[in-house]
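Please read the structure below before turning to the comments.
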Protein chains: 2
Amino acid sequence: MKIDPSHLEILSAVVAAGGLTEGAAALGKSQPSVSRTISMLETRIGSRLFEKGRRPLRPTELCLTLAAEGRDIHAATERASQAITKYTGGKSGTARVAGSPIFMDGVISNMIAGFQIAFPDVRIDQSYGYATKLMEQLSAGNIDLAICPLKNDHVPPEYAFETILPGRNVIACAPTHPLARKTSLKLGDIAAYPWITPPADSPLYEDLRKVLKGIGITDFKVSFSGGSLVSVMNVLKGSDSLTVLPYSVVFLQKHLKSLVALPIRIEHPERQLGLLRRIDRPERPAVVRFRKYIKQQFASLSHSIGEQERNTLWRK
Amino acid sequence: MKIDPSHLEILSAVVAAGGLTEGAAALGKSQPSVSRTISMLETRIGSRLFEKGRRPLRPTELCLTLAAEGRDIHAATERASQAITKYTGGKSGTARVAGSPIFMDGVISNMIAGFQIAFPDVRIDQSYGYATKLMEQLSAGNIDLAICPLKNDHVPPEYAFETILPGRNVIACAPTHPLARKTSLKLGDIAAYPWITPPADSPLYEDLRKVLKGIGITDFKVSFSGGSLVSVMNVLKGSDSLTVLPYSVVFLQKHLKSLVALPIRIEHPERQLGLLRRIDRPERPAVVRFRKYIKQQFASLSHSIGEQERNTLWRK
DNA sequence: AATTTTCATAACTTAAGGATATATTAAAGG
DNA sequence: CCTTTAATATATCCTTAAGTTATGAAAATT
């Protein structure tokens, strides 16, 4: 005897409501519809579900048994509905995000922390990579969103790129660095110190080279290279080295007293930090939610940086 | 987001089977039917349930969540189906039976015991009454089946009456009774002993009067009256009283050595023991099963009595 | 690259399920 | 006891889901 679960759900509603009319109302259906469904069910089963000719509708034993299963079914569909609502509202699911290591560690991870507080049931899968690899990963469907610096006019048409910050870099050092305490800083001062460079394949490395070249330093001493942000910061802290970092990264570390930016205006890379995704792939709700959260966070970060800007004197 | 539980059931089957084709086969449906149901579900939900363009069908997170609920739903419908099968097979439910007290206690209760062993999930609600009241109870829908002696041609057309035994009575006494040990018994012998009579409103009481009148006793001494079978047997055991009982009752007690029948052939009542029910009421499966069980039991009882008959010499 | 397997689509048919209007019927009340 | 009232059953119509077979498209496999 194959049975339609929705019939059992209806049955349980009628039993719970104590009548067809009220049951139908509870279900949001018309009374005749429910009446017919019940009587079709009765003929299928071959037994009455309600005693004949009793006006306060009296369920039979079988009816009560089936209604109990109907309640289970209703509970399950209810849970399913809520799961769907949660999922389509972007409050559950997974967002797979990747980006440049320095950015992810220095900026995004802090934002992810806040996101997790607000949406604890969204899982964030994070990985690292630079632009080319990120695009491949996006196209392969391995990640949903990339966060990286890119030249705005170098974005292929199958990608969407939303800029979130200008790609501004600064020269950074430990707060204990001799230059950090100098009030008036000359460009020549920095030539004496060794440099920490990011991995050679990173865009930041390219930036660093250009910056130094821009201020006339072509032959610079590299004391450490290739590390992640934490490595870089640790080495900076224990040495007199300098490095080039995105201003946003330094900005967020500043109040932790682990990094400072030297007030030297250096060449802007032509890139913009932004959110990259495939335009032809439907975005899952959790990804949309995450992306918008990141955008909003960057908007407020951008505002904070802007204020800071007005209170700083940059030389060059 | 209102969701159809059967869709979730289908979803879980597809996920469990690992593909549309196998899932459809498991459900006993065609592949296109299942395919369309899934895709309709996807458009309703607004999210994919299976990743696009992956040939070993890969369920999304949401899909797995929903499929889990689908499993619950499937389990519930399965339980419901089995409950229905059991019920319609007469293996669960309730049968409300009533009958003459002496018969119910002396014969039917033993049969009910056997029935309960075979069908432990059928509940028997037993009550007592004589023909008129039983018919009222049947008509009021308070009982499903009556077991009572009735004249075959006195059955109103709205009732069905199946005879199960001829309404044969015997004179009964305790095995320790003086007459029980006598080998040759004369009719006059019984005149000396007091009588136990059933309740005055019972058909058996009428039988007793007729029997005694038939053998010439009009003025008989009543030592006890109105009790149930157990009372009657207890009083018989502790006294020299006689009584009239249905032969079937005595027959079943005989091997317990609590009652014996005197080998005196007495007048047969014109009634027949039978199963009475309303012909216009649909019988619930458990009632059918019980009724058939009782009929079959009486058939074999009837056979046993028949054999016993051939070995007994009845006088009159 | 061809083959195979699996899923999606098309077109059609049947049955279920929704609505409104109305007939029946059991319970209640004068 | 008969009338009233409230609830359920039925009638009719229409829309949509769901089943079928045949067929097209696409991913994996060889």
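The values are calculated or read from the model by the stated rules, or taken from the named source; none is laboratory data. In this text, all values refer to a predicted model and were calculated from it rather than measured experimentally. FYI the Cβ positions are ideal-geometry reconstructions off the backbone, even for glycines, and counts take in every protein chain you see. Keep in mind that these areas ignore ligands, DNA and RNA; they rest on the heavy atoms of the full protein, side chains included. Shrake-Rupley method; radii C 1.70, N 1.55, O 1.52, S 1.80 Å.
Which ones in region A:29-48 are closer than 21 Å to B:LYS86 by Cα, more than 14 Å from every other protein chain (Cβ to nearest Cβ) and open to solvent by 80 Å² or more (accessible area, probe 1.4 Å)? Steps first, answer last, please.
Initial filter on region A:29-48 (closer than 21 Å to B:LYS86 by Cα): A:38-48.
Those still in the list that are more than 14 Å from every other protein chain (Cβ to nearest Cβ) too: A:38-40.
Matches in region A:29-48: A:MET40 only.
Residue check: is B:THR37 under 23 Å from A:ARG44 (Cβ atoms), in a helix (DSSP H, G or I) and outside the structural domain of B:ALA200 (by TED's automatic domain parsing)?
When the stated conditions are applied, B:THR37 passes them.
Every residue in region B:61-73 that is at the interface with chain A (Cβ under 8 Å from one of its Cβ atoms) and either touching a Pro at 6+ places or on another chain (Cβ under 6 Å) or open to solvent by 10 Å² or more (accessible area, probe 1.4 Å) (or both), please.
Result: B:GLU61, B:THR65, B:GLU69, B:ASP72, B:ILE73.
When A:PRO263 is evaluated against the numbered criteria (1) in contact with a Phe, Trp or Tyr (Cβ under 7 Å, 6 or more places away or on another chain); (2) modelled with pLDDT of 90 or more; (3) under 30 Å from A:GLY188 (Cβ atoms), which criterion, by number, is the only one it fails?
A:PRO263 satisfies every listed condition except (2).
Under 8 Å between Cβ atoms, at least 6 apart or on separate chains: pull out the pairs that start in region A:10-25 with a residue that is closer than 12 Å to A:PRO59 by Cβ and end on any residue that is not in a helix (DSSP H, G or I) and not hydrophobic (A, V, I, L, M, F, W, C).
Pairs that qualify, where the first residue is closer than 12 Å to A:PRO59 by Cβ and the partner is not in a helix (DSSP H, G or I) and not hydrophobic (A, V, I, L, M, F, W, C), are A:VAL15/A:PRO59; A:GLY18/A:PRO56; A:GLY19/A:PRO56.
Testing B:ASP105 on (1) open to solvent by 10 Å² or more (accessible area, probe 1.4 Å); (2) in contact with a Phe, Trp or Tyr (Cβ under 7 Å, 6 or more places away or on another chain); (3) under 30 Å from B:LEU187 (Cα atoms), one condition comes back false. Which one is that?
Status for B:ASP105: all satisfied but (2).
I'd like the residue in region B:49-60 that is surrounded by 16 or more Cβ atoms within 10 Å (Cβ to Cβ) and within 11 Å of chain A (Cβ to nearest Cβ) and, out of all such residues, is farthest from B:PRO5 (Cα to Cα). Break it down stepwise before answering.
Filtering region B:49-60 for residues surrounded by 16 or more Cβ atoms within 10 Å (Cβ to Cβ) gives B:49-50, B:57, B:59-60.
Okay, now just the ones that are also within 11 Å of chain A (Cβ to nearest Cβ), so B:49, B:60.
On the way: B:LEU49: 16, B:THR60: 19 Å.
The qualifying residue farthest from B:PRO5 (Cα to Cα) is B:THR60.
Name the residues in region B:1-28 that are away from chain A (no Cβ under 11 Å) and open to solvent by 50 Å² or more (accessible area, probe 1.4 Å), would you? Spell out how you get there, then give the answer.
Initially, region B:1-28 is screened for residues away from chain A (no Cβ under 11 Å), giving B:13-26.
Passing the criteria: B:ALA16, B:THR21, B:GLU22, B:ALA25, B:ALA26.
Six or more apart or on different chains, Cβ atoms under 8 Å: show the pairs whose first residue is in region B:44-63 and assigned by TED's automatic domain parsing to the domain that holds B:SER12 and farther than 20 Å from A:ALA95 by Cβ and whose second is part of a loop (DSSP other than H, G, I, E, B) and among the small types (Gly, Ala, Ser).
Note: pairs meeting the criteria are B:PRO56/B:GLY18; B:PRO56/B:GLY19; B:LEU57/B:GLY18; B:LEU57/B:GLY19.
Within region B:164-181, does at least one residue satisfy the condition of being farther than 26 Å from B:SER304 by Cα, surrounded by fewer than 20 Cβ atoms within 10 Å (Cβ to Cβ) and not assigned by TED's automatic domain parsing to the domain that holds B:PRO282?
The initial filter retains those residues of region B:164-181 that are farther than 26 Å from B:SER304 by Cα, namely B:178.
Adding the requirement that they be surrounded by fewer than 20 Cβ atoms within 10 Å (Cβ to Cβ) leaves B:178.
Imposing the further condition that a residue be not assigned by TED's automatic domain parsing to the domain that holds B:PRO282 reduces the set to B:178.
Yes, because at least one residue in region B:164-181 is farther than 26 Å from B:SER304 by Cα, surrounded by fewer than 20 Cβ atoms within 10 Å (Cβ to Cβ) and not assigned by TED's automatic domain parsing to the domain that holds B:PRO282.
All but one of (1) hydrophobic (A, V, I, L, M, F, W, C); (2) out of contact with any helix residue (DSSP H, G or I) (no Cβ under 7 Å at 6 or more places or on another chain); (3) within 12 Å of chain A (Cβ to nearest Cβ) hold for B:MET104; which doesn't?
Against the list (1) hydrophobic (A, V, I, L, M, F, W, C); (2) out of contact with any helix residue (DSSP H, G or I) (no Cβ under 7 Å at 6 or more places or on another chain); (3) within 12 Å of chain A (Cβ to nearest Cβ), B:MET104 comes up short only on (3).
Can you tell me which residue in region B:37-60 is nearest to A:ASP280 (Cα to Cα), limited to those that are out of contact with any Asp or Glu (no Cβ under 9 Å at 6 or more places or on another chain) and among the aliphatic types (A, V, I, L, M)?
So, considering only residues that are out of contact with any Asp or Glu (no Cβ under 9 Å at 6 or more places or on another chain) and among the aliphatic types (A, V, I, L, M), the one nearest to A:ASP280 (Cα to Cα) is B:ILE45.
For region A:86-188, list the strands (runs of 3 or more DSSP E) that sit wholly inside it and hold at least 2 residues that are over 30 Å from B:LEU66 (Cβ atoms); which are they? Talk me through it step by step, then tell me what you get.
Details: elements: A:93-99, A:122-128, A:145-150, A:159-166, A:169-173.
In region A:86-188, the matching strands (runs of 3 or more DSSP E) lie at A:145-150, A:159-166, A:169-173.
Among the residues of region B:74-101, which ones are β-branched (Val, Ile, Thr), in contact (Cβ under 8 Å) with a residue 60 or more places away in the chain and within 14 Å of another protein chain (Cβ to nearest Cβ)? Outline the logic, then answer.
So in region B:74-101, the residues β-branched (Val, Ile, Thr) come out as B:77, B:84-85, B:88, B:94, B:97.
Cutting the leftovers down to in contact (Cβ under 8 Å) with a residue 60 or more places away in the chain gives us B:77, B:88, B:94, B:97.
B:THR77, B:THR88, B:THR94 - these are the residues of region B:74-101 that are β-branched (Val, Ile, Thr), in contact (Cβ under 8 Å) with a residue 60 or more places away in the chain and within 14 Å of another protein chain (Cβ to nearest Cβ).
Just give me the residues in region A:60-85 being more than 15 Å from A:GLU9 (Cα to Cα) and either within 16 Å of DNA strand D (Cβ to nearest atom) or in a loop (DSSP other than H, G, I, E, B) (or both), in sequence order.
Listed by number, the list holds a single entry, A:THR60.
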